[in-house]
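The numbers here are math on the coordinates, done by the rules we state, and not lab data. Because the structure is predicted, anything quoted here is derived from the model rather than measured. Every residue, glycine as well, gets a Cβ built from its backbone with ideal geometry; the counts of neighbours run over all protein chains shown.
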Amino acid sequence: MRRLFVLFVTLLAVAACLPAAPQPAAEPAVLSTAATPQAVMAAQAWRQTDAYSPLPETASLVLVKGGQENAGLMPEGESIEENRALRYIEETLNVDIRFGWVVPSDSYSDKLNLSIASGDIPDVMIVDALQLQQLAEAGAIEDLTPYVEQYANADLLANWEQTGGVALAAATIDGKLLGIPNVQPQADAPIIAWVRQDWLDKLGMQGPQTVDDVEAIARAFVEQDPDGNGAADTYGLTGTLNPVGVPSNLHGFDAIFNAYGAFPEIFYRDEAGQIHYGSVQPQTKEALGRLAALYQAGLIDPEFATKDTDKSNEVVVSGRSGLMMGPWWLPWWPLADSVSSDPNADWQPYPLVDQAGERSFAMGGYTYSFVVVKKGYPHPELAVKILNVQNDLSYGLNDAPQFYPNFNEIWTLLFPIPFLIEQPYVVERMGREYQQALEGSLDPTTFNEAMQIEYDQIQQDLAAPRSNPSNWAVRMARLDAALLLAEGYNEVRTDPVAARVFPTDPNWPALQKLEDEVFLQIITGARPLDDFDSFVEEWNRNGGTDLLAKMNS
Amino acid sequence: MFKGTDRFAYWLMVLPGLLLLLAFTFVPLAYSAIAFQKFNPALGLQGSPWVGLDNLLYMFGLRDARQVLANTVFIAAMKMILVLFTAVSFALLLNEVRFLGVRRAIQTMVYLPHFLSWVILAGILRTILARDGLVNDLLGYFGVAPIYFLGQPAVFPWVIILSDVWKEFGFEAIVYLAALTGIDPTLYEVAELDGATRLQKMRYVSLPAIAPVIVLVGCLSIGNVLNAGFDQIFNLYSPIVYSSGDILDTYVYRIGLIQGQYSLGTAVGLFKTVVALGLIGISYWAASRYANYRIF
Amino acid sequence: MVVSRSFTDRMVDWLIAVLLLAVGVTTLLPLFNTLAISLSDKAAVSGGQVGFWPVGFTLNSYDYILRDEKFWRAFGVSLLRVGLGGALNFGLAVLTAFPLSRSLRAFPERNLLMWVFVFGMILNVGIVPWYLTISSYGLIDSLWALVLPGAVPIWNVVILMNFFRSLPRELDEAARIDGANPWQLLWQIYLPTSLPALATITLFSLVGHWNSFFDGLILMNNPDNYPLQTYIQQLVIADRPALHGGQAQLLALLSNNTLNAAKLFVAILPILLVYPLLQRYFVRGILLGAVKE
């Protein structure tokens, strides 16, 4: 479930297509007519290539989807089932897309499991590694090897290539490519501390570098009434019931762990080639001890352990906390909401350093979800073709129209298969280019349309900071946060070999439950820190040792 | 007088219910066979490989399963004991209230939570048990530091148990009140003539009158020691309190349906079914033996 | 002979009455708190100032609910389910209980069938087989999934059967002499004489249907098909906020806290409306079913 999270938040790490804001209201009329005139279509040669060729006869395609909770963000007159991006894809490929069900994002995996259990499998779906394995064992999904070879466009192939073959290997079972792997080398970004600069300024403090700084700021935010309302109603650091989690754990404590050289939930390979599990290392104990001390001192939201992301976002948006951990795209969600409700909320990103003064961050795997096609579906190539067109819509390639001013916030709703096959480090590259354009060393007219639109938004916010939350969000994420990432950092990732083993291990769910429970209880003081040692023993005994042995064999 | 056509009519009447029972109770029983398979939903019941007792053996070795069983029995037993105790005390006291209007008013108030769903009550509990909620505010007046009711493993089971008492004590008191109103008033009068105090009357007249009912309720409860209240816990728990608050039903739901370990989930469920059947058998036997109770 | 009661005795009477009244009021305090929150200004609520009386009285939350299409759709699903489920429960309870209440001579298979039903009642197969069964019938996302699996209310059948049996034998002997067949006997004699018991079991099943949320959560894929309790469960318990930052104007007026409280209260209202009936008949039902000597 945690993984799925990434899919729905707005983290599109590409040159996103944001037409100039303020934008006239969407025209629902567009839906009733063809998006692209016949004459124009005839002139577009790419439409005749394998990657885009329309089916000779309209085929129907049944999909399923998460994201229902954000449907309110769609433009007037459009919906998940009916929107211009979807219509464009349907027309381009001559397919009729329907949704078997649409549920809130964090129910998606549950509902899909239920659907698979009931034998009511959609034609094409996004699955995780365990589901891929199960469906493969059952022979319930198509071998996509020939379709990916023939139909994937050059961009997708290149992005898979960038992972050194890891992505495609992860989706290959018994020599067959049974799923189309995602690639998100960057979007599962490092966790950064985001702090309200207006509160810091008021209290005469500097932004944080170290965990000590975080503690000092949290203490000041709790004790010195940073919002000046005369009530002791502000929290220090926020948190959620997922204290650790890659990738993109909003309100997660990952950055604090990383600052201690601890990389929980990561199966990393040491210099000697051995795979270890970060959660059971002594550094993790140290970090837990620190977090427990912070909690004990009242510097973390006292009820964090029973709050999920939405609940904790509310803490931030309602102005009760000015210190939150999260990835570079946090300005889009939820910080833009915070700025909407309080234009003084000047959130700024600060990456933490470890004891050696270095930036080292836990990263997600390159690949953790897969698009699969139900066995017997007559047009398996459609899955590949849809991903091609979605990529074009994202990048503004192949004349793909740019429909939406808030594309970054709603792309998961627009796309029938909300799935990313990404270029690495595109965020840093774009951040640098925007910076160079601002300095005058790069001509902004050379930007593609999508980047030009963002560049305008950045300039508007620089001229009048936080007057428009959308402009602010683009500037903060694309420029300020991206440039911080561009300064470089050490990446700690789960080894690809390990990534193929643990999700399908029968003991893994129980081990994870044990870990979640113990970490939360240690941080909140329900257990003494030294219970960590018995946790490690228990983890080893209940399948952890075997798991590592399997990985290292 | 008893015609064959009558019998046919009776069968016709029973048939719809019987068919539905077959379809929704006995067919699922057949599906329980996946507890002995490595069930893969895409392969179905016919296609999935059989593994014998592997899932059950694996289950007995699981630390989680043992812990969950202990939590279930503890929570369910404490609920029964405390609800019973509270209901009996309440009924005995209410029996002493002579003003009929007041009596009715009190009953009206304490029955209400019974009719509300756990979704609603959990929504209310989450509000009043929050750090800045009603209960912590009240405790604050007495100088008690805020308690993290839903996030402390040591506290959580008691939140569950006591909120169940809140919901059910009034309603369970009904059976005791009925028994108390059945007492012959002359018994009290005779006791008074003998100089019995109010407490003595309670002890020697009222309590013996409801003792059989207490025995009956106690016997019937045996069948429920594996039901710690799915709806209630499902709507109040979170990972931090799994160690003390996770019960069989929530566990089966999570591993069986949500994590997709269908066979393991079914095995745990089947274990519960079998044990519960035995317990219910015992409870009915005990109820008929000690309280002369027949279900029909 | 009446013993005159002393002053202290009467004081104790009062003491007990006051004590129990206090218990009764305490039982309801959480509900008052919810009601007060739903009627309060959002700032007062987030400041934790609301106790049992609204602070900064406002009807904003209720105003919003009145126009909230999703809430009313869920409300409608619940009404449908209560109606359909209640009717099914009623019909099946009557049809099943009547033959089982006949004498062994009239219906020799009676005891065997009774055991089958009771076994069905206490047999609680796990949730996985239950789900697989219902989905194998293709009921997912259909209203029937919420009413068919529990369509035979076996406990109600037992109560009703016991009630039928407690009716005097002369009733049906007279009818028999008039040549009535079992259907007429049930329809013309037993149903009219059993109205209180029927009211009781009907209320049992109506309240049960209104209050259940879990089947809706699991068996409905499309959230548009959620009954009200499931819808509220998703909002309040699973923390799926109804409001988000995009709705700035609304957020200025109300918060998820006040809105959720109001939704909880609206969901309680139907129960409160029929509460006088509930109290009367439930008490009877409990006594019919539980303490049968």
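Numbers at a glance
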item: Inter-centroid distance (Cα atoms) of the range A:125-149 relative to the range A:337-369, Å; result: 34 Å
item: Label-point separation, residue C:63 to residue A:94 (7 Å along Cα→Cβ), nm; result: 5.5 nm
item: Nearest-20 debye value, the range C:55-124 charge dipole, Cβ charges on Lys, Arg, Asp, Glu; result: 300 debye
item: Estimated inter-spin distance, residue B:23 and residue A:150, nm [label 7 Å along Cα→Cβ]; result: 4.5 nm
item: Residue among C:38, B:242, B:23 farthest towards the positive dipole end of the protein assembly as shown, charges placed on Cβ; result: B:23
item: Dimensions in Å of the range C:35-130 - Rg and Dmax from alpha carbons; result: 24.7, 72
item: Per-q log10 I(q)/I(0), the protein assembly as shown, q = 0.09 Å⁻¹ (Debye; single scatterer per alpha-carbon; no solvent); result: -1.16
item: 10 Å Cβ neighbours from other chains, averaged over peptide C:96-105; result: 4
item: Where N is the number of residues in the range B:226-296, Cα Rg divided by 2.2 N^0.38 Å; result: 1.40
item: Expected-Rg normalisation [2.2 N^0.38 Å, Cα atoms] applied to the range A:450-533; result: 1.84
item: Residue A:183 long-range amide H proximity, modeled H, under 5 Å; result: A:420, A:421, A:422
item: Amide H partners (placed H, <5 Å) of residue A:99, local residues excluded; result: A:63
item: Rg followed by Dmax, in Å, when the range A:141-270 is reduced to its Cα trace; result: 22.1, 67
item: Shielding of C:227-236 by partner chains, average beta-carbon count, 10 Å; result: 4
item: Residue A:320-residue B:67 FRET efficiency (beta carbon distance; Förster radius 41 Å; 0.05 resolution); result: 0.70
item: Å³ per residue enclosed by the Cα convex hull of the range A:236-324; result: 89 Å³
item: Residues residue A:497 and residue A:399, FRET efficiency given R0 of 56 Å [Cβ-Cβ distance, rounded to 0.05]; result: 0.85
item: Chain A pair-distance distribution - Cα-Cα, 20 Å bins, rounded %; result: 21, 55, 23, 1
item: Distance between modelled label sites at residue B:203 and residue A:504, nm, 7 Å Cα→Cβ extension; result: 7.1 nm
item: Rounded to the nearest 20 debye, dipole of the range C:56-212 from Cβ charges on Lys, Arg, Asp, Glu; result: 220 debye
item: Amide H within-cut-off set for residue A:173, under 5 Å, with H built and near neighbours excluded; result: A:178
item: Antiparallel %, DSSP beta bridges [both residues in the protein assembly as shown], to 5; result: 60 percent
item: Peptides ranked, highest mean first, by Cβ atoms within 10 Å: ranges A:110-119, A:442-451; result: A:110-119, A:442-451
item: Lys/Arg +1, Asp/Glu -1 at C-beta; chain C dipole; positive extreme among C:64, C:256, C:206; result: C:206
item: Cβ-derived FRET efficiency at R0 60 Å, residue A:81 paired with residue C:166, nearest 0.05; result: 0.60
item: Electrostatic dipole magnitude of the protein assembly as shown [Cβ: Lys, Arg +1; Asp, Glu -1; Cα centre; debye, to 20]; result: 5280 debye
item: Fewest-first sequence of B:250, C:96 by Cβ atoms within 10 Å of each Cβ; result: B:250, C:96
item: Shielding by partners - mean other protein chain Cβ count within 10 Å, residues of A:116-126; result: 4
item: The range A:502-526 versus the range B:221-296: alpha-carbon centroid distance in Å; result: 24 Å
item: Gap separating the Cα centres of the range A:376-396 and the range C:160-192, nearest whole Å; result: 69 Å
item: Vicinal HN-Hα couplings computed from phi for the range A:490-505 (Karplus, 6.51 cos²θ - 1.76 cosθ + 1.60; Hz; Gly/Pro x); result: 8, 9, 10, 10, 5, 5, x, 5, 4, 4, 7, 8, 5, x, 9, 6
item: Within the protein assembly as shown, helix-based [θ] at 222 nm, where runs of 4 or more DSSP H residues each add -39,500 (n - 2.57), nearest 500; result: -16000 deg cm²/dmol
item: For chain B, built as a Gaussian network whose Cα springs stay under 10 Å, the top-fluctuating residue of B:182, B:260, B:278; result: B:182
item: Kirkwood Rh and Cα Rg combined as Rg/Rh, chain C; result: 1.08
item: Selected from C:49, C:194, C:7, residue furthest toward positive end of dipole (chain C; charges at beta carbon); result: C:7
item: Using θ = phi - 60° and Karplus 6.51 cos²θ - 1.76 cosθ + 1.60, couplings along the range A:211-227 (whole Hz; Gly, Pro as x); result: 5, 4, 4, 4, 4, 4, 5, 4, 5, 5, 5, 6, 9, 9, 6, x, 8
item: Over the range C:1-58: Rg over Rh, Cα atoms, Kirkwood Rh; result: 1.39
item: Order of B:38, A:176 under a 10 Å beta carbon neighbour criterion, fewest first; result: A:176, B:38
item: Gyration tensor over alpha-carbon atoms, the range B:66-224, equivalent ellipsoid semi-axes in Å; result: 34, 20, 15
item: Residue-by-residue Karplus 3J(HN,Hα) for the range B:43-54, coefficients 6.51, -1.76, 1.60, Hz, glycine and proline x; result: 8, x, 5, 6, x, 6, x, 8, 10, x, 8, 3
item: Ascending count of other beta-carbon atoms within 10 Å, so fewest first, for C:119, B:115, B:99; result: B:99, C:119, B:115
